[in-house]
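Working notes, beginning with the structure itself.
Any read-out appearing in this document is the output of simple, stated calculations on the displayed coordinates, not a laboratory observation. Being a predicted model, the structure only gives us computed values, none of them experimental. In this analysis, Cβ positions are derived from the backbone assuming ideal geometry, glycine residues included, and neighbour counts consider all displayed protein chains.
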């Protein structure tokens, strides 16, 4: 965006309550006037916890996908003492930041998307299973 953003441009970033500062900091370095507003908050709320645990305990799932660091953190909160069940499945991360969060919690990502999008994650999972 450095090619299109100039000093003095006014930018509003509506984002999650917990988010990295990479984008706002980068824009400020260019000289943009950046305002960050919390638009939503991700929370660990799983009304299907029993079903989730059953699927993991039975081995009915082959892969668990993570599309952000907050999905890692929130799933681990939901699983609690049963988090070790994730060792029974492949763990697919949307990118290196999410992989790093998994590693921080003691889990090695099995799959990591090269392109940090849902399509990139799907492609990485397909490639993993087509090996």
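Overview of results
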| quantity | calculated |
| --- | --- |
| Near-label residues of the stretch 41-84 by backbone N, under 18 Å of a point 7 Å along Cα→Cβ of residue 100 | 66-74 |
| Using alpha-carbon coordinates, inclination of helix 69-79 to the longest axis of the chain, degrees | 30 |
| Contact order relative to length of the chain, as percent, for alpha carbon pairs under 8 angstrom and 6 or more apart | 17 |
| Kirkwood hydrodynamic radius (C-alpha pairs) into Stokes-Einstein, the chain, 37 °C and 0.692 mPa s, D in µm²/s | 196 |
| Added length on full extension, which subtracts the Cα-Cα distance from 0.36 nm per residue, residue 21 to residue 114 | 31.3 nm |
| Relative packing of peptides 15-28, 65-78, 113-126 - highest average C-beta neighbours within 10 Å first | 65-78, 113-126, 15-28 |
